[in-house]
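No lab work stands behind these numbers, since they all come straight from the coordinates. The structure displayed is predicted, hence computed values, not measured ones. No Cβ is skipped: glycine too gets one built from the backbone with ideal geometry, and neighbour counts run over all protein chains shown.
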Protein chains: 2
Amino acid sequence: MNSYRSLRIALLGAGSVGSQVARLLLEQGDEFAARVGAPLELVGIGVRDIDAKRDAPLPRELLTTDLAGLVAGADIVVELLGGIEPARSLLLDALAAGADVVTANKALVAAHGPELFDAAEIVGAQVAYEAAVGGAIPIIRPLEHSLAGDRVTRVMGIVNGTTNFILDRMHTEGSSLADALATATELGYAEADPTADIEGYDAASKATILASLAFHTEVPATEVHREGITGVTDAMVAQAERSGRVLKLVAICERLPGDAGDRVSARVHPVSLPATHPLAAVHEAMNAIFVTAEAAGDLMFYGAGAGGPETASAVLGDLVSIARRHVAGGPGTAGSTHANLPLAPFGDVVARHELAMSVTDRPGVLAAVAGLFSEQGVSVESVRQDPGDGSAALVLGTHAASEARIAAVLEALEAHDDVERIDSVIRLID
Amino acid sequence: MNSYRSLRIALLGAGSVGSQVARLLLEQGDEFAARVGAPLELVGIGVRDIDAKRDAPLPRELLTTDLAGLVAGADIVVELLGGIEPARSLLLDALAAGADVVTANKALVAAHGPELFDAAEIVGAQVAYEAAVGGAIPIIRPLEHSLAGDRVTRVMGIVNGTTNFILDRMHTEGSSLADALATATELGYAEADPTADIEGYDAASKATILASLAFHTEVPATEVHREGITGVTDAMVAQAERSGRVLKLVAICERLPGDAGDRVSARVHPVSLPATHPLAAVHEAMNAIFVTAEAAGDLMFYGAGAGGPETASAVLGDLVSIARRHVAGGPGTAGSTHANLPLAPFGDVVARHELAMSVTDRPGVLAAVAGLFSEQGVSVESVRQDPGDGSAALVLGTHAASEARIAAVLEALEAHDDVERIDSVIRLID
């Protein structure tokens, strides 16, 4: 077909994604060669333990524990190790040697993306990471290229399949959070230690990546406000359903306009969405990302957010694209962080809130509670009071108010004698 | 920021999309320069009539009727003229001179895409056409790059906003096709001559483009089977609703597996979708494209399929991406048509069908009609018969059967004495 030499591909990691990538590279070699214009030669698969059990049988002669040696001879390094080290050092070495990099490592890109991108720019190499967010869903390339001529105002995504599965089960089957988590673990949707998922760390890494791309601004992971789903109760789910709403854990990346110029906010927390919202129809462990841009309007990208073959699809798409560029010649191109918009503190973010609490069942309590809201400048939109046995259940919906004001309201409520307990606080999306 | 010289941008066409592109380039010049790494200088806007009325006021000194002269001096040509000529000749001249090209011209890409891509490859130039399908929705780049490592099996899309608006109104408001078309024209969704939309020509151009990309195979526009919506009646809409279904005009591009290897089919026709299908929820003039790939599974891309600012977003995204490559150096890369799968004739395509007809109301007719199906090897899945005044209404649902067999059944039905009229034929999607 043509005489371009083989491209030497080093694969790091042979877990559920890595073994699929290796299998497809080996099985569909001719197809990849035709698409790229040169053969892709898998020169080795770096693993920690050569004898570990794999999802797919891999040729033993390709397996090696000498990851540094494997990287040294490669044209393109595909990193599927996860975690920060040794992935970071290996990729920096690879880039310094002029190799291109494909990675699915969201934690690494979130924490050290700029370091990798800078290292790539120095030598004209490429770093691709489509698989780091939304699994098989193309979202990195659309944000980096397709929307490069537009001004993105908001990215709101269901970017963690585990938590979406759990919340979906709580809604559709009335499961408790603990039962839904157990089912997720059983079905392989949740890991033995589910902390990264259910506490929102995984979604926060993705929020960092999405916000940085969407707003051409470095958004450190440490600046992403993060709340997981462990505070979501059966009562909150039931309350949402009574209002025709659905609870979802979302990553929200927003451009906040202001007199002193635009600022950027990135945050992860549960929200209550109208059942008619496109994201409300995202069930099981699926992912979807809703993007709003000034000219393009609303866009949505939907698909499988995880899974070995699904994630391998995104990794191989990156690999083919990068290999084509390698064959064509010329350096890689990437988005930039030129805009460097300031980050808005979480307290400045504005949303409608719904607060449920248990209060003393006596006349005048509602007025007293409502007074605490107005003292903080928070306007109450709706009130529902259900009398109980000695105490009453009170649900207040606010007009849009800043997180700082809501935090002050919560502090005042907690200090108030008639407020027995704050049962839940949830942010409402229209 | 850096010292790269300005990139000279020639814009051809100043209609609703062109005037938005010009406006954004002029208003947000600094932002584009920062994203690209070099200023984008709009050197001229080629128009037929300098004094024509425009959607947005454009600097008169930029307007010119000398399109060939404008193209001759450009680094990047943005073509928004529409139609085949003079667009084709101008772009071939531009590519021959080494300029890159951005176009939103689906008719041109569908009819002459390979000619343009070949011309670009000779000089290492780039051709980008994200806006040609799905308006603001990123779908070309995802198919060309993100899914480049996967095997796409089907692309099914609502890619024409006008016909989706009309069918949506027929469902949601009970409008007749004529009334819904009148409303679409009034709202600017349909052109004075709506033929290209309602007869499916526009969707067929897009099917050509999508099928070529998805299957790495040249699919000539003449090979796309095309049926528009003019045959859709109120009765068909009502019948679909009784079955919990929705009628949509879709472009379907499919890889058909076979003993002698895979073949490709591209076609445009109305289908009946379950109301729970993600495409059924695409209302008004919105577009959505549902992509199924072996590893990635189901993906969906949703957004505005037309409109000046929306389409300008896609054009400018292409422009920024192409300009970055221009600044970085090195030739463009593109997908290929290396696979060159054979095309399957429409008669080989398989689908479930629903046929409604009026028959003589006498005993034995159902058996006679059913016999015509079985003679052609078409298996009947369901029958509903409503007696009328002398004649009966018969609705037969088939199991999956080839279009050729269904065509033979229709011929036999039309020749049968007891069949007064075929009222409708619709293909069912599960």
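Of B:171, A:269, B:399, B:112, the sequence from fewest to most neighbouring Cβ atoms within 10 angstrom is B:399, B:112, B:171, A:269. The angle between the Cα long axis of helix A:177-186 and the main principal axis of chain A comes to about 20°, on a 0 to 90 degree scale.
Computed over the Cα atoms of segment A:262-331, pair by distinct pair, the Kirkwood hydrodynamic radius stands at 15.6 angstrom.
Across segment A:203-216, rounded Karplus estimates of 3J(HN,Hα) from the backbone phi angles (6.51 cos²θ - 1.76 cosθ + 1.60, θ = phi - 60°) give 5, 5, 4, 5, 4, 4, 5, 5, 5, 4, 5, 5, 10, 6 Hz, Gly and Pro being marked x.
Find the percent of Cα-Cα distances in segment B:98-219 that exceed 21 Å, and round it to a whole number.
47
Considering only C-alpha atoms, what is the centroid distance from segment B:241-312 to segment A:23-63, in Å? Measuring centre to centre over Cα atoms gives 34 Å. Rounded to the nearest 20 debye, the dipole size of segment B:255-332 about its Cα centre is 220 debye, using +1 on the Cβ of Lys and Arg and -1 on the Cβ of Asp and Glu.
What separates the residue B:258 label point from its copies, with the point 7 Å along Cα to Cβ, is 6.3 nm, written shortest first. The mean number of Cβ atoms from other chains found within 10 Å of a Cβ in peptide A:306-319 is 5, as a whole number.
The mean number of partner chain beta-carbon atoms within 10 angstrom of a residue's beta-carbon across peptide A:289-295 is 4. If you take the alpha carbon atoms of segment B:346-428 and fit the smallest convex hull around them, that volume is 77 Å³ per residue. Only the Cβ atoms of Lys and Arg (+1) and of Asp and Glu (-1) were treated as charged; on that basis the dipole of segment A:140-305 about its Cα centre amounts to roughly 420 debye.
When peptides B:301-313, B:359-371 are sorted by average Cβ neighbour count within 10 Å, with the highest value leading, the order is B:301-313, B:359-371. Residue order for A:201, B:129, fewest other beta carbons within 10 angstrom first, comes to A:201, B:129.
Each part reduced to its alpha carbon centroid, segment A:110-166 and segment A:334-404 end up 33 Å apart. Relative to the longest principal axis of the Cα atoms of chain A, helix A:365-375 runs at roughly 50 degrees. Considering the rotation that superimposes chain B on chain A, the residue of B whose beta-carbon lies nearest the axis, and that distance in Å, is B:330, 1.
Annotation: amide H-H contacts under 5 Å for residue A:226 (H modelled 1.01 Å from N, sequence separation of 5 or more, or interchain): A:268.
Extent along the principal axes, Cα only, for segment A:17-82: 34, 26, 23 Å, with the longest axis given first. If you take the alpha carbon atoms of segment B:112-173 and fit the smallest convex hull around them, that volume is 125 Å³ per residue.
Can you give me the orientation-averaged projected area of the convex hull built on the Cα atoms of the protein assembly as shown, in nm²? Before the final figure, lay out each step's value.
Numbers: hull surface 163.3 nm².
Its Cα hull, projected and averaged over all orientations, spans 40.8 nm².
Take the Cα pairs of chain A, get the Kirkwood Rh, then feed it into Stokes-Einstein at 20 °C and 1.002 mPa s and tell me D in µm²/s. Taking Rh from Cα pairs, D becomes 92 µm²/s. Coupling constants for segment A:382-390 follow from the phi torsions by the Karplus curve (6.51 cos²θ - 1.76 cosθ + 1.60, θ = phi - 60°), and in residue order they are 8, 9, 10, 10, 10, x, x, 9, x Hz; glycine and proline get x.
With the label put 7 angstrom out from Cα along the Cα-to-Cβ vector, residue B:390 ends up 8.2 nm from the copy partners, going from closest to farthest.
Label zone (residue A:4, point 7 Å along Cα-to-C-beta; backbone nitrogen cut-off 11 Å) within segment A:63-93: none.
Determine the alpha carbon to alpha carbon distance for each of B:53/B:248; A:206/A:248; A:53/A:206 and list only those over 25 Å. Over 25 Å Cα-Cα: B:53/B:248; A:53/A:206.
Each peptide in A:378-387, A:411-420, A:69-78, A:154-163 receives the mean, over its residues, of other Cβ atoms within 10 Å, and ordering these scores from highest gives A:154-163, A:69-78, A:411-420, A:378-387. Inter-copy label distances at residue A:96, shortest first and taken from points set 7 Å along Cα to Cβ: 5.1 nm. Residue by residue along B:147-160, Cβ atoms of other protein chains within 10 Å of the local Cβ number 4 on average.
Per residue, the Cα convex hull of segment A:140-305 amounts to 119 Å³.
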